[in-house]
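Report on one structure; see the data block that follows.
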Amino acid sequence: MAPASPARASSDYVTKVVYASADTSIAPDVGESRGDLPHIEVGGGSVGLLKFDLNGVIPPGAEVTNAYLALYLTDYTEGCELASSGGRSMVSPWTEDSLWPQARFNVRPITRPWTEHIQWGDAHEGIGPDVIGSFDVDTPPPPQRTGCDVTQFVVQWHSGQTSNHGLALTTESDDSFWFYSREGCQENADHLAIRYLPGPTPTPTIAGTPTATPRPSATPLPELHLFLAVIQMCAEAL
């Protein structure tokens with residue numbers, strides 16, 4: 001049995017916030033998407049599209065442990081209208097017991113490249129069928145932070161198992177909900193909060209001290225032996 005991996009300290013983890021590099025909303029009765037607005041409209045037939053550039057964000061060999069899609073709900077249509085200042089003005093009678101809109105939002109993968117000026121047909125056909133995360137909006141009133149876990153999909157993006165074309169935000173609700181876009185409030189714009197463990201640091205290879213190769217001893221030549229022997233004979237004759 002392989003030994004258990006040592007526990008990692010909380011200080012070993014790295015958290016990075018990645019804001020959307022593109023976001024828009026699209027509806028069948030609008031045609032072209034609306035990528036320059038300060039909000040993303042979802043519901044009432046509209047779909048939100050979000051794209052995140054992860055190039056260079058997560059280092060190779062890192063282990064993604066958590067990824068959270070964070071959104072900021074600014075307004076919705078039931079009993080109120082969207083004001084340019086981001087506030088709300090009531091347009092129908094209400095009480096403290098009035099029911100506010102409730103909706104479940106599903107996050108789905110986008111399967112093809114797109115821009116903020118995509119047409120409805122291309123956008124709709126590029127949304128994958130799988131739901132990779134969900135969250136509910138059922139507590140009045142906005143504004144409020146919300147979102148869901150998308151760890152598994154970010155892991156697949158990082159490992160190259162799936163292409164990163166972004167996420168689609170959908171709901172079956174007939175009410176329209178508005179979330180801050182990157183053109184709206186940067187502080188509360190749509191973003192991913194990614195937590196990961198860096199991979200092991202490569203151990204540097206230290207070059208050893210070169211060992212000198214011993215030089216072979218010279219082998220005396222036969223002529224040298226003969227010369228020495230003649231000298232010795234001459235010395236003895238004297």
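The values are calculated or read from the model by the stated rules, or taken from the named source; none is laboratory data. Given the structure is predicted, the values throughout are model-derived calculations rather than measurements. Ideal geometry is used to build each Cβ from the backbone, glycine not excepted, and the neighbour counts take in all protein chains shown. To get the accessible areas, we keep the full protein, side chains included, count just its heavy atoms, and leave off ligands, DNA and RNA. Shrake-Rupley method; radii C 1.70, N 1.55, O 1.52, S 1.80 Å.
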query: What single numbered condition from (1) under 23 Å from the mean Cα position of the chain (by Cα); (2) at pLDDT 80 or above; (3) over 20 Å from Ile127 (Cα atoms) fails to hold for Gln102?
result: (1)
message: I'm trying to understand the selection: among the residues of the range 59-76, which are surrounded by fewer than 23 Cβ atoms within 10 Å (Cβ to Cβ) and more than 16 Å from Asp23 (Cα to Cα)?
response: Pro59, Pro60, Gly61, Ala62, Glu63, Val64, Thr65, Asn66, Tyr68, Asp75
message: Among the residues of the range 168-221, what is the count of those that are modelled with pLDDT under 60 and in contact with a strand residue (DSSP E or B) (Cβ under 8 Å, 6 or more places away or on another chain)?
response: 0
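Specify which of the listed residues (Arg104, Arg112, Arg195) is charged (D, E, K, R) and either open to solvent by less than 30 Å² (accessible area, probe 1.4 Å) or under 21 Å from Thr24 (Cβ atoms) (or both).
Going through Arg104, Arg112, Arg195 in turn, the sole match is Arg112.
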field: Residue list for the range 139-159, filter: under 18 Å from Val107 (Cα atoms), out of contact with any strand residue (DSSP E or B) (no Cβ under 8 Å at 6 or more places or on another chain) and of a type outside the set (A, V, I, L, M, F, W, C)
entry: Gln152, Gln156
statement: Only one of Val155, Val131 is within 20 Å of the chain's Cα centre (by Cα), among the hydrophobic types (A, V, I, L, M, F, W, C) and surrounded by fewer than 16 Cβ atoms within 10 Å (Cβ to Cβ), namely Val131
task: Filter the range 119-168 for residues that are assigned to a loop (DSSP other than H, G, I, E, B) and hydrophobic (A, V, I, L, M, F, W, C) and give the result.
output: Val131, Ile132, Val150
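Every residue, every condition in (1) closer than 26 Å to Leu197 by Cβ; (2) in contact (Cβ under 8 Å) with a residue 24 or more places away in the chain; (3) among the charged types (D, E, K, R); (4) touching a Lys or Arg at 6+ places or on another chain (Cβ under 6 Å), yes or no:
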{"residue": "Pro143", "(1), (2), (3), (4)": "no, yes, no, no"}
{"residue": "Thr146", "(1), (2), (3), (4)": "no, yes, no, no"}
{"residue": "Val150", "(1), (2), (3), (4)": "yes, yes, no, no"}
{"residue": "Gly160", "(1), (2), (3), (4)": "yes, no, no, no"}
{"residue": "Asn164", "(1), (2), (3), (4)": "yes, yes, no, no"}
{"residue": "Ala168", "(1), (2), (3), (4)": "no, yes, no, yes"}
{"residue": "Thr171", "(1), (2), (3), (4)": "no, yes, no, no"}
{"residue": "Ser176", "(1), (2), (3), (4)": "no, yes, no, no"}
{"residue": "Tyr180", "(1), (2), (3), (4)": "no, yes, no, no"}
